[in-house]
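Peer 1: I have a structure here, written as structure tokens, and I will follow up with some questions on it.
Every number here is computed from the coordinates shown, using simple stated rules; none is lab data. Here the structure is a predicted model, which means the values were calculated and not measured. Methodologically, a virtual Cβ is constructed for each residue, glycine included, from the backbone with ideal geometry; neighbour enumeration extends over all protein chains shown.
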Amino acid sequence: MKKLTYIVALLMALNSVYGKVRSIEKQALIDLYHSTNGDDWTVKWNLSLPISTWSGIEIENGKVVSINLMNNNLSGELANSIGDLEHLRVLNLAFNAIGGTLPNRIIQLKSLIILRLGKNKLTGEIPENIGDLKELLILDLFNNKISGEIPLSLGDIKNLKVISFSNNKVTGIIPEALGRLKLLERLELANNQINGDVPEAIGRLPNLSMLLLSENEFTGKFPASVFSLPNLRVLQLQNNDFDIKHLKNSIPLKTDLALFEFDDIQGRIDRNDFEKVFTNTEFRTADTKFGDDNDN
């Protein structure tokens with residue numbers, strides 16, 4: 001009997017230390033539930049039960065470190081109190097129907113490694129100080145209604161591997177500052193309203209494997225140095241206004257590109273290993289558009 005009492009007491013102590021979440025974090029989760037119409041979620045939370053039972057929530061040492069509610073029928077808007085989840089490393093709310101703007105306090109999530117909000121209905125601009133999220137590896141906002149320019153501060157996120165802004169209403173130019181992201185593997189900016197020249201700095205990203213710039217308003221001479229990037233496998237430039245003569249003269253006779261599309265009657269290189277290159281990537285966030293895809 002004493003042994004059983006000891007075990008129960010030990011479990012209660014462990015729950016107190018490792019399972020109990022601060023009230024401010026619990027309230028932030030409750031706010032998230034209500035502001036995104038939790039009663040309509042595919043998998044709902046029972047708010048009367050412990051947080052450890054709530055689907056998609058990961059807790060470590062009494063701290064909420066991960067929220068994964070991808071494809072769970074969230075709607076409404078994100079509550080500003082999400083900034084109270086200061087230990088959050090993963091926020092994955094992709095493939096839902098969340099509207100409104102990005103909460104200002106999202107910049108307070110200094111521990112964020114993954115921010116995935118793609119395939120929602122978000123509006124407004126990307127916060128200019130998004131670069132304060134120094135630990136980010138993945139920034140996924142594809143297929144929303146995001147407007148405004150690409151923030152210069154993105155160049156301060158040294159470990160960033162994926163920028164996915166395709167299928168939005170982003171304007172302005174590609175900041176030269178993105179050339180500082182030496183670990184960047186994917187730069188997805190297709191189907192926006194970005195203009196001007198592609199900066200030469202993009203040709204100095206040694207780990208870049210995917211560059212999607214199609215369906216924008218780019219002009220001028222595309223940097224020939226991009227073709228020398230050692231890891232580049234997918235390059236889409238179609239439906240822009242590049243200097244085609246310069247572009248065609250820049251294409252090397254031999255290339256490791258698995259897929260390359262540009263504006264020309266024969267402007268496509270498509271190797272058989274493209275599917276392997278694309279589907280094996282660890283950071284897949286969006287579908288890539290092909291020149292012969294149907295529009296429906």
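Peer 1: Beta carbons within 10 angstrom, averaged per residue: use that to sort the peptides 147-155, 235-243, highest first.
Peer 2: 235-243, 147-155
Peer 1: Pairs of alpha-carbon atoms within less than 8 angstrom and 6+ residues apart define the contacts here; what relative contact order does region 22-279 have, in percent?
Peer 2: So the answer I get is 9 percent.
Peer 1: For Cα pairs less than 8 Å apart in space and 6+ apart in sequence, what is the mean separation divided by the residue count of region 69-149, i.e. the relative contact order in percent?
Peer 2: Value for region 69-149: 29 percent.
Peer 1: What pairs in Lys121/Lys169; Lys110/Lys158; Lys63/Lys110; Lys161/Lys254 have C-alpha atoms more than 19 Å from each other?
Peer 2: Over 19 Å apart, Cα to Cα: Lys161/Lys254.
Peer 1: Follow-up question, since we're still on this one. Could you go through region 226-231 in sequence order and give the Karplus-derived ³J(HN,Hα) for each residue, using 6.51 cos²θ - 1.76 cosθ + 1.60 with θ = phi - 60°, rounded to whole Hz, and x for Gly and Pro?
Peer 2: With coefficients 6.51, -1.76 and 1.60, one gets 4, 5, 9, 5, x, 10 Hz.
Peer 1: What ranking of Phe260, Phe165 emerges when the number of other C-beta atoms within 10 Å of each C-beta is taken as an exposure proxy, fewest first? Mind showing how you got there, number by number?
Peer 2: Values: Phe260 22, Phe165 26.
Arranged by neighbour count, lowest to highest, Phe260, Phe165 become Phe260, Phe165.
Peer 1: Now for a different question. Could you list Val21, Val170 in order of exposure, starting from the residue whose Cβ has the fewest other Cβ atoms within 10 Å?
Peer 2: Final ranking by Cβ density, sparse to dense: Val21, Val170.
Peer 1: Another question, then. Grab the other residues whose beta carbon is less than 12 angstrom from that of Val90, score K and R as +1, D and E as -1, and report the net.
Peer 2: -2
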